[in-house]
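**Student:** Take a look at the following structure, please.
The values are calculated or read from the model by the stated rules, or taken from the named source; none is laboratory data. All values reported here derive from a predicted model rather than from experimental measurement. FYI the Cβ positions are ideal-geometry reconstructions off the backbone, even for glycines, and counts take in every protein chain you see. SASA here: full protein model, heavy atoms, side chains in, ligands and nucleic acids out. Shrake-Rupley method; radii C 1.70, N 1.55, O 1.52, S 1.80 Å.
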Amino acid sequence: MTSSSRVSARLGAIAPSATLAVDAKAKALKAAGRPVIGFGAGEPDFPTPQHIVDAAVEAARDPKNHRYTPAAGLPELKQAIADKTRRDSGYEIDPASVLVTNGGKQAVFQAFAAILDPGDEVILPAPYWTTYPEAITLAGATPVEVFAGADQGYLVTVDQLEAARTENTKALLFCSPSNPTGAVYSQEQTKAIGEWVLEHGIWVITDEIYEHLLYDGAQFTPILREVPALADTTIVLNGVAKTFAMTGWRVGWMQGPADVIKAATNFQSHLTSNVANVSQRAAIAALTGPMDEVEAMRVAFDRRRKTMVEMLSAIDGFQVPVPQGAFYAYPSVEGVLGREIRGKVANTSAELAAIILDEAEVAVVPGEAFGPSGYVRLSYALADADLAEGVGRIQELLAQ
Ligand SMILES: Cc1ncc(COP(=O)(O)O)c(C=O)c1O
């Protein structure tokens, strides 16, 4: 053996997904009979709309769907993605520029794998979704964090991006609406960032998976609609999981320039081949069907968002920027750190999350999973009563 350790350095360096870990711990405690309320999971609590399930059941009965599909996905689904892009983003794409992936997560990995080499840097606005730095690192490149705190609404500025740019900067990761913060870049901000990227010949990987979950009149701005000249250096990531309550179906996609999509398709053809045929049929029904249930879910999330922001804001020491998208609140908890809580003291948000779980039986994800300490993420994609009970317990625990 030439290698000194059994697990490779590349995989050995990967941290477990903190969000899934919190969720798993909460579920395990629940299974052991403890009344845990989990704010960790990033998934809608609603069932997938019936017409999508019906399409999948029908597809499962047809033997033609018991076979492989082309690695890049069913032609009908790629056409549906092109049509949906025209409808939701307002620009044309070629269906051949789409690669259907096993969830948005696989699209994230393949997008970075397709364009990064060792030595490359990717500017990563922080707080960031916990998977991005792992995917960048696995591709041999380096994430360069640019932090925007609660005081700036978790939105990075062009000046901050420019300060982080070096001759090795290959790409910018752009995610709006954002997981974990719920922040949404305005049209002007998106355009300014797009123009800066274009000026410097940097790639953009834009994650648009929360495009339909917006509140308070906030608008989703596709960066390619604002700066069409970026089309040759942009990879768009998306999926059906969040919009259609389809996290378990595992359908996402990446869309981009022909050479990148070809390389990523070759990669995927060896890695996972195609996405489950029946799931692709379900995704066609989702993307071509009515959007009224999506709107009903959005209205429910909006109601829960307001309850959560109001209740969290009442906690002394929490600062709660109002999230305008996705389904997460991301309060700063700096004001609580160092304070005694039932005989314990939390000096970091990770320690605070542990105390909240032990003492209040409520699971939240600490900021350390998404960048600097000092924050916690709570998903509001759970039942209204559970949400009120869970945040109520945190209020009670932290009442002075
Ligand atoms: C920002 C963001 N992108 C992509 C994904 C991937 O979702 P999926 O793999 O379920 O499609 C997630 C899921 O949490 C996410 O939050």
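**Student:** For the chain, find the longest principal axis of its Cα atoms and tell me its angle to the long axis of helix 187-200, 0 to 90°, nearest 10.
**Tutor:** 60
**Student:** Also: Just reorder Arg305, Arg87, Arg393 by solvent-accessible area, largest first, 1.4 Å probe, all chains present.
**Tutor:** Solvent-accessible surface, decreasing: Arg87, Arg393, Arg305.
**Student:** Considering only DSSP beta bridges with both partners in the chain, what is the antiparallel share in %, to the nearest 5?
**Tutor:** Here the antiparallel bridges make up roughly 45 percent for the chain.
**Student:** If you fit an axis through the alpha-carbon atoms of helix 18-31 and take the longest principal axis of the Cα set of the chain, what angle between them do you get, 0 to 90°, nearest 10?
**Tutor:** On a 0 to 90 degree scale, this one is about 60.
**Student:** The stretch 145-223: D in µm²/s via Stokes-Einstein (Kirkwood Rh, Cα pairs, 20 °C, 1.002 mPa s)?
**Tutor:** Translational diffusion coefficient: 164 µm²/s.
**Student:** A follow-up question, please. By the scheme Lys and Arg +1, Asp and Glu -1, what is the net charge of all other residues having a beta-carbon under 14 Å from that of Thr233?
**Tutor:** -4
**Student:** Then there's this: With equal scatterers on the alpha carbons only and no solvent term, can you work out the Debye log10 of I(q)/I(0) for the stretch 68-288 at 0.12, 0.14, 0.15, 0.18 1/Å?
**Tutor:** -0.58, -0.81, -0.94, -1.39
**Student:** Show me the ranking of peptides 156-165, 179-188 by mean Cβ neighbours inside 10 Å, starting with the highest.
**Tutor:** 179-188, 156-165
**Student:** On a 1.4 Å probe surface of the protein chains, which of Ser17, Ser379 comes out largest in accessible area, and what is the full order?
**Tutor:** Highest to lowest solvent-accessible surface, that is Ser17, Ser379.
**Student:** Taking the Cα centre as origin and putting +1 on Lys and Arg beta-carbons and -1 on Asp and Glu beta-carbons, what dipole magnitude results for the chain, to the nearest 20 debye?
**Tutor:** Its charge dipole is roughly 1220 debye.
**Student:** With every protein chain left in place, what is the accessible area per residue of the chain in square angstrom, probe 1.4 Å?
**Tutor:** 41
**Student:** What are the extents of the Cα atoms of the stretch 217-328 along their three principal axes, listed from largest to smallest and rounded to whole Å?
**Tutor:** The Cα atoms of the stretch 217-328 stretch 53, 35, 27 Å along their principal axes.
**Student:** Is there a pair in Lys25/Lys64; Lys25/Lys306; Lys78/Lys191 whose C-alpha atoms are over 29 Å apart, and which pairs would that be?
**Tutor:** Over 29 Å apart, Cα to Cα: Lys25/Lys64.
**Student:** Send over the per residue convex hull volume for the chain, Cα only, as a whole number of Å³.
**Tutor:** Given the Cα convex hull of the chain, per-residue volume reads 162 Å³.
**Student:** Sticking with this one: Measure out, as a whole number of angstrom, how far apart the alpha-carbon centroids of the stretch 126-197 and the stretch 274-308 sit.
**Tutor:** What the calculation gives is 26 Å, centre to centre.
**Student:** So for the stretch 68-288, taking the charge dipole from beta-carbon charges (+1 Lys/Arg, -1 Asp/Glu), which of Asn179, Ala218, Gln268 sits furthest toward the positive end?
**Tutor:** The Cα lying farthest towards the positive end belongs to Gln268.
**Student:** Quick one: pull the percent of accessible area on the chain belonging to carbon and sulfur, 1.4 Å probe, ligands and nucleic acids left out.
**Tutor:** Looking at the chain in its full context, I get 53 percent from C and S.
**Student:** Further question on the same structure: Using only C-alpha positions, report the orientation-averaged shadow area of the convex hull of the stretch 208-253, nm², one decimal.
**Tutor:** 3.7
**Student:** How high is the relative contact order of the stretch 300-366, given as a whole-number percent (alpha carbon pairs under 8 Å, six or more residues apart)?
**Tutor:** That works out to 18 percent.
**Student:** Using helices alone, I'd like the mean residue ellipticity at 222 nm for the chain: each DSSP H run of four-plus residues gives -39500 (n - 2.57), total over residue count, nearest 500.
**Tutor:** Computed ellipticity for the chain at 222 nm equals -13000 deg cm²/dmol.
**Student:** Quick check: residue separation of Arg34 and Thr272 times 0.36 nm, minus the Cα distance between them. What number comes out in nm?
**Tutor:** 81.9 nm
**Student:** Also, quick follow-up: With everything on Cα atoms, drop me the angle between helix 258-271 and the longest principal axis of the chain, reported from 0 to 90° to the nearest 10.
**Tutor:** 70
**Student:** Heavy atoms only, probe 1.4 angstrom, no DNA, RNA or ligands counted: give me Val7, Val197 ranked by accessible area, highest first.
**Tutor:** Final ranking, largest accessible area leading: Val7, Val197.
**Student:** How big is the charge dipole of the stretch 68-288 about its Cα centre, in debye rounded to the nearest 20, if each Lys and Arg gets +1 on its Cβ and each Asp and Glu gets -1 on its Cβ?
**Tutor:** Charge dipole of the stretch 68-288: 940 debye, to the nearest 20.
**Student:** Follow-up. Taking the DSSP beta bridges in the stretch 68-288 as the whole, what percent of them are antiparallel, to the nearest 5?
**Tutor:** 30
**Student:** So how do 307-315, 104-112, 243-251 stack up, highest first, on mean other-Cβ count within 10 Å?
**Tutor:** 104-112, 243-251, 307-315
**Student:** Tally Lys and Arg at +1 and Asp and Glu at -1 over the other residues with C-beta under 11 Å from the C-beta of Gly119: what net charge comes out?
**Tutor:** -3
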